[in-house]
1. Kindly rank 118-128, 75-85 from highest to lowest mean number of other beta carbons found within 10 Å of each residue.
2. Students often check this: by mean Cβ neighbours within 10 Å, which of 183-196, 160-173 ranks highest, and how do the rest follow?
3. Work out the FRET efficiency for ASP151 and SER199 from their Cβ-Cβ distance, taking R0 = 22 Å, and round it to the nearest 0.05.
4. So for TYR198, TYR180, TYR87, fewest C-beta neighbours within 10 Å to most, what's the order?
5. What's the extension gain from SER130 to ASP84 if we count 0.36 nm per residue and subtract their Cα-Cα distance?
6. Quick one: Kirkwood hydrodynamic radius for region 61-207, alpha-carbon pairs, angstrom, one decimal?
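Only the coordinates and a few stated rules stand behind these numbers; no lab work does. If you're wondering where the values come from, they're calculated on a predicted model, not measured in any experiment. We place every Cβ from the backbone using ideal geometry, glycine too, and count neighbours over all the protein chains shown.
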Amino acid sequence: MTRKLMKVAIAGGTAALALGFGVIPAIAATTDGTSSMSSGSSGPVSQTTTTTAEFDTSPNAAIALDSAPNIGFGANITPNGKTDMVYSATTADNPVEVSNPGLASGWSVQVKNSAFADAAGDTLKGAVLSLGAPSVAAANTGNPSAAPVADALKLDGTGTNALAFSAVAKGGLGIWDAEYGLASISLAVPAGQLSGTYSSTMTWQLNDTPQ
């Protein structure tokens with residue numbers, strides 16, 4: 001696919017004297033002569049020129065999902081008291097990062113998760129994973145394309161997709177990150193659970209269309 005960017009343009013007078021001397025009456029002759037030149041002024045002269053730049057995208061180029069976060073909540077007391085518990089994340093190692101080499105389609109990232117389960121197959125019943133709105137920024141300074149957006153979402157382990165990150169058509173060009181702060185990631189767990197180490201698989205899916 002070929003992208004062509006806009007073209008930018010870039011003036012005497014003379015005097016004579018004769019003298020006579022003696023009894024003969026003096027005869028004096030004078031001649032005044034003048035000449036002038038006039039020239040018209042046409043003002044400034046301008047020219048218009050053209051500068052051309054061409055940028056090409058490989059026909060094999062594709063929008064890519066470069067990374068997504070692994071999230072951890074550490075070790076906690078099993079919630080079996082009078083109140084339900086909400087835990088804040090202790091680790092989140094990567095942003096959701098999407099790179100677009102110059103395609104105009106737009107894009108979106110959806111995410112879903114499986115139920116939290118331990119090695120024995122027991123599940124963390126009723127657990128809901130919440131991701132607050134992340135910080136969105138381009139990997140380079142001054143990226144002029146329309147920025148993608150990312151919203152808060154909740155995942156209940158049923159495998160239902162939620163929209164995480166998206167860019168409109170002709171937007172989200174270059175490399176963009178959605179960074180989740182630890183304080184914005186939480187796991188709500190109702191009291192009444194078995195002890196164990198539980199994990200959930202998060203599936204992040206990139207589509208080359210906006211949502």
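1. 118-128, 75-85
2. Order by mean packing, descending: 160-173, 183-196.
3. For ASP151 and SER199, the calculated efficiency is 0.30.
4. Numbers: TYR198 19, TYR180 23, TYR87 15.
The fewest-first ordering by Cβ neighbours comes to TYR87, TYR198, TYR180.
5. Full extension from SER130 to ASP84 adds 15.0 nm.
6. So the Kirkwood estimate lands at 16.3 Å.
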